[in-house]
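Working notes, beginning with the structure itself.
The values are calculated or read from the model by the stated rules, or taken from the named source; none is laboratory data. In this text the structure is predicted, and so the values were computed from the model without any measurement. Positions of Cβ are backbone-derived with ideal geometry, glycine not excepted, and every protein chain shown enters the neighbour counts. Heads up: the accessible areas ignore ligands, DNA and RNA and are worked out on the full protein's heavy atoms, side chains in. Shrake-Rupley method; radii C 1.70, N 1.55, O 1.52, S 1.80 Å.
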Amino acid sequence: MNDFISGGWGYYIATVVLLGIAWCLWLLFSQRKWLTKRTPGVVEDTGHVWDGDLRELNNPVPRWWTYMYIIMCVFGLGYLVLYPGLGAYQGALGYTSALEVKEDQQKQNVEVQPVYARFAAMDIPAIAADPEARVIGQRLFLNNCAQCHGSDARGAASFPNLAEGDSIYGRTPEALQTSISKGRNGVMPPMGANINAKTAGEIAQYVRSLSGLAHDQIRIINGKREYLNNCAACHGADGKGNKAIGAPNLTDDVWLYGSSEATIVQSILNGRNNRMPAQEHLLTPEQVRLLTAWVWGLSGGQDVTSSAAMSKTTAIK
Ligand code: HEC
Ligand code: HEC
């Protein structure tokens, strides 16, 4: 795969690279007479003189330097044959840095296997309570998740708080594990085409009233009607959300984006498209399981489901 928009760019770049090397060799060749005409003690004088007796000589380039120059050009050509570098040409060795990382990761995963072996037989609450698992879980979190969810897991605007409060998709071990391994993409469609700014403001006032925030008693009357028409399908008539499609609960004090009228109006008019990248290609199933337990443990471990908090038999698909 190459990143060029059209195949022509590959040839263009390859030509520039090869011409560059050819030019280097030509430059050396054009200066060759200094190498051959070498009488000890006699040096060509350029005739430039400064301050009376500061003369500019034309000393030949040392021989070792010339050889090094040629060797480097040959090395460069050899490198371009073996490795990618000539436009879209992949190189005879088929090397890619992505492949190298992947191989390193696989090697590492095999090495850490014994560390995780002990947890394979434990269910999620047991792992969440295990001191060693908590240390590993925290490290995994800091390395892989903290850049988005914060080092304290409390999130930020658009990044959910994993440590406390209600969650978008649910805090059952199953929901957490799916969020982590498959990723999530919360999509609220933009409704600016059907709802004008004034109505959006009224709906926002009504949404604020749902969680007991200060609101305008008059504007929420129309706001409620419009909410039921436009929003209830996803967020529920009672505003409690729908974990299956990731529509947040609007009746609590947990806000992904913020509770101000302006922010809610922005969600309504422009919609939201929020993506959590899938981790299943980056982490091993054992690591995902440990993280699931760690995140589950953060919230005090409520929400244990009927499946006995995902016993060891739960397959990670
Ligand atoms: C690139 C940023 C990013 C990274 C890295 C990331 N997340 Fe997320 N995560 C998000 C976003 C954004 C959402 C919300 C998705 C949505 O709104 O649908 C989310 C949602 C979640 C949820 C669901 C939250 C809820 O309220 O239901 C969990 C659980 C989660 N992430 C855990 C993790 C863990 C564990 C890691 C590390 C392995 C991680 N995330 C790495 C951005 C990220
Ligand atoms: C098709 C389903 C759908 C409809 C219809 C919908 N929403 Fe949403 N809404 C979502 C989803 C999904 C999210 C979460 C987006 C994300 O993960 O970032 C969301 C997020 C929000 C948020 C942000 C919540 C927070 O915690 O910051 C608000 C506010 C909101 N919606 C209000 C509304 C209102 C008001 C309407 C009606 C005008 C509406 N939504 C219609 C699906 C929907």
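Summary of computed values
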| item | result |
| --- | --- |
| Å³ per residue enclosed by the Cα convex hull of the chain | 298 |
| Signed unit charges on C-beta, dipole axis of the chain, positive-most listed residue Gln31, Ile13, Val49 | Ile13 |
| With every protein chain in place, the chain: carbon and sulfur % of accessible area (1.4 Å) | 60 |
| Computed over the stretch 8-82, the ratio Rg/Rh where both radii use C-alpha atoms and Rh is Kirkwood | 1.17 |
| Residue among Thr199, Thr39, Thr292 with the largest mean-square fluctuation in a Gaussian network model of the chain, springs linking Cα atoms under 10 Å | Thr39 |
| Convex hull volume of the stretch 105-202 per residue (C-alpha atoms, cubic angstrom) | 152 |
| The stretch 167-274 - Kirkwood radius from inverse mean 1/r over Cα pairs (Å) | 14.2 |
| Full-stretch length increase - Leu19, Ala237 - with 0.36 nm per residue and alpha-carbon distance subtracted | 71.6 nm |
| Kirkwood hydrodynamic radius (C-alpha pairs) into Stokes-Einstein, the stretch 18-166, 20 °C and 1.002 mPa s, D in µm²/s | 93 |
| Among Met191, Asn249, Tyr206 the positive-end extreme of the charge dipole of the stretch 187-274 (Cβ point charges) | Met191 |
| Too-long pairs where the Cα-Cα distance tops 29 Å, listed order kept, from Lys107/Lys243; Lys182/Lys224; Lys182/Lys240 | Lys107/Lys243; Lys182/Lys224 |
| Cα lying deepest toward the dipole's positive end in the chain, options Gly76, Leu283, Phe119, charges on Cβ | Gly76 |
